[in-house]
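Have a look at the structure below, then the notes.
Just so it is clear, none of the values below were taken in a lab; they were calculated from the coordinates. Quantities reported herein were computed from a predicted structural model and do not represent experimental measurements. Methodologically, a virtual Cβ is constructed for each residue, glycine included, from the backbone with ideal geometry; neighbour enumeration extends over all protein chains shown.
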Amino acid sequence: MSTIGDTFRELNLLKEAQVFEEYAIAGAMAFLFYTEPARTYDLDVFIFLPAQAGLVFTMEPLYDKLRERGYSFDAEHVLIFDTPVQFIPAYNPLTEEAVREAVVHNYDGVEIRVIRAEHLVALAYQTGGRHRIVRAEALVEEGAIDTTKLQSILVTHGITSSFG
């Protein structure tokens, strides 16, 4: 039976195969590396895609490579070892910075790139939504973040929050 560690290992192999240039675990799964577990359905992965020609951005080159590797699809998810994975191209300066500054964590002997706790909080405030804000505030309350770093990120990206 496969595990989430197998899925993490496969992400590293996909990067090595240049399916994407870089990645970082985001969303609820990323929070698990810093605080109490939360229920989540899928694995969100921010990625940098290889450069594309033309004016229209498409995910098809990524999806084609994933199909070639034998993965199946369910709506917006790619099923990797039965784990629903959503690949999300870094879509603004904050997500790009979050991928660049991701930290390496070890999960069951697998090194995996995870968005920093400070970026998770900033993304929660930027994106909004009660469940995101609650998780972000838990990180702040638990002292799992560098508050100076968080303040710098919030100011740099023009994000207002109740953090304070």
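Phi angles across the stretch 90-97 convert, under the Karplus curve 6.51 cos²θ - 1.76 cosθ + 1.60 with θ = phi - 60°, into 3J(HN,Hα) values of 3, 10, 7, x, 5, 5, 5, 4 Hz, Gly and Pro given as x. Between the Cα long axis of helix 130-141 and the first principal axis of the chain there is an angle of about 60°, rounded to the nearest 10. For the stretch 1-87, applying the loop criterion from DSSP together with a ceiling of 16 other beta carbons within 10 Å to the GluC sites (Glu not before Pro) yields E21, E76. Other residues whose C-beta falls under 11 angstrom from the C-beta of F33 contribute a net charge of +2, scoring Lys and Arg +1 and Asp and Glu -1. For the chain, the longest principal axis of the C-alpha atoms and the axis of helix 147-156 are separated by about 70°. Within the listed set D44, D74, D82, the residue fluctuating most in the Gaussian network model of the chain (springs between alpha-carbon atoms under 10 angstrom) is D74. Applying 1/(1 + (r/R0)^6) with R0 = 45 Å to the Cβ-Cβ distance of E36 and M59 gives a FRET efficiency near 0.85.
Taken about its Cα centre, the chain carries a charge dipole of roughly 220 debye when the Cβ of each Lys and Arg holds +1 and the Cβ of each Asp and Glu holds -1.
For the pair V103 and S72 in one chain, pulling the backbone fully straight at 0.36 nm per residue adds 8.3 nm over the alpha carbon distance. Put in line by how crowded their Cβ is, counting other Cβ atoms within 10 Å and starting with the fewest, T127, T83, T95 read T127, T83, T95. Here each label is just a point 7 Å from Cα along the line to Cβ, and for E21 and T127 those points are 2.2 nm apart.
Relative contact order, whole percent, for the stretch 13-137 stands at 25, derived from Cα pairs under 8 Å and 6 or more residues apart.
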